[in-house]
Amino acid sequence: MPALPFANGDAMPALGLGSWRLPPERTAATVRTALELGYRHLDAAAIYGNEPQIGEALRQAFADGLVQREQLWITGKLWNDCHEPHEVRPALERTLADLGLEQLDLYLMHWPLAQRRGVAMASSPEQQLSLEQVPLATTWTAMEALVDQGLTRHIGVSNFSGAKLKDLSAGARIRPEALQIERHPLLQQNELIAWCREHGVVVTGYGPLGSSGANRPPLVLQHPQVVALAAQRGLTPAQLLLAWGIGCGTAVIPKSVQPARLAENLAAAGEALDGELMARLTALDEGRRLIDGRIWCLEGGPYTLASLWDGELVPGG
């Protein structure tokens, strides 16, 4: 399995199991199957609502001797309602309790926006807090303390624009070590990827198959060029997309509840695409953001698409 190195020598497997929209009632069995197949990277988040079930699978896997904790890479995420400094550590402690762990490998700030405690999804501007009220740098200082306290080995951010990532890095005591962003051939964000590579920031691409997150077909997975190139290479379209993402030097975190699909996805980590095939997929870039965060842009609220992405790329949902 290819791996992405961190400065301290830790390495994150380049292909992991995503858990967004993994139904809680199927999560434990899916994680168990994934571990049996050889997955060693699990991507979780408090807002997904299935961390207790992931923890159930982990506890049983450890008890059965299937895997040991040190063989796994486990990522968690801080939700938007816990950005005030006094809420950061308790949020991670809840995640650790749900997962049955003492420490995460990586903890990410899920979105660069804040809302009032107890609000899962803000539906009115009164439920949101502006970045003037709760600056990202203030939340980040509390994230840094989590490393000092041994609750996570690494910290990073998710869904940040390049401008926000650079600003946060410039003033940080512990700079963000990882970035998780939507990434697939239709949305490549190559300038941001290049900056991360130059500054030692490990990148994970979510939505690598192009799921829009809005009950629409996975547009990238069904793209005619992707289908044709996959057939030419003797891979499934999903395998082609995952191999492309890994070939770009990023990690990918596809999700499935089907054992056969889980196995197919994992096998993609062993497929190296030649330069011509990589180039043909790279040529598909449209800067098309499928998960654009418009749900946070409430009338009269502090967030807009322009402020969220700082003018980087046009949302294309």
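Quick note: the coordinates plus some simple rules give every number you see, no bench work behind them. As the structure is a prediction and not an experimental result, all values here were calculated from the model. Cβ: placed from backbone, ideal geometry, glycine included. Neighbour counts: every protein chain shown.
Search the structure for amide H atoms under 5 Å from the amide H of Gln115, placed 1.01 Å from N in the peptide plane, and list their residues when 5 or more places away or on another chain.
The list, which skips near neighbours in sequence, is Asp81, Cys82, His83, Leu129.
Test of understanding: in a Gaussian network model of the chain with alpha carbons linked when under 10 Å, which of Tyr107, Tyr206, Tyr48 would top the mean-square fluctuation ranking?
Tyr48
I'd like to know which of His199, Leu235, Pro125 lies farthest towards the positive end of the charge dipole of region 11-309, counting +1 on Cβ of Lys and Arg and -1 on Cβ of Asp and Glu.
About the Cα centre, the residue reaching furthest to the positive side is Leu235.
Based on a Kirkwood Rh over C-alpha pairs, give the Stokes-Einstein translational diffusion coefficient of region 11-309 at 10 °C and viscosity 1.306 mPa s in µm²/s.
81 µm²/s
Please report, in debye to the nearest 20, how large the charge dipole of region 4-158 is about its Cα centre when each Lys and Arg carries +1 at its beta carbon and each Asp and Glu carries -1 there.
It works out to roughly 260 debye.
Given charges of +1 on the Cβ of Lys and Arg and -1 on the Cβ of Asp and Glu, with all other atoms neutral, how large is the dipole of the chain about its Cα centre, in debye to the nearest 20?
Roughly 420 debye, rounded to the nearest 20.
Which FRET efficiency, nearest 0.05, do Glu312 and Gln258 yield, Cβ-Cβ r, R0 35 Å?
With R0 = 35 Å, the Cβ-Cβ based efficiency is 0.50.
Identify, among Pro23, Gln53, Leu99, the residue whose Cα sits farthest towards the positive end of the charge dipole of region 11-309, taking +1 on the Cβ of Lys and Arg and -1 on the Cβ of Asp and Glu, with the dipole about the Cα centre.
Pro23
For region 8-45, which trypsin sites (Lys or Arg not before Pro) are both in a DSSP coil and crowded by at most 14 other Cβ atoms within 10 Å?
Arg21
Counting only residues 5 or more places away or on other chains, whose amide H sits under 5 Å from the amide H of Asp105 once H atoms are built in the peptide plane?
Hits under the 5 Å cutoff: Ile74, Arg153.
Once you compute Rg and the Kirkwood Rh from C-alpha atoms, what is the Rg to Rh ratio for region 226-292?
0.96
When the Cα centres of region 95-129 and region 250-316 are compared, how far apart do they sit, in Å?
21 Å
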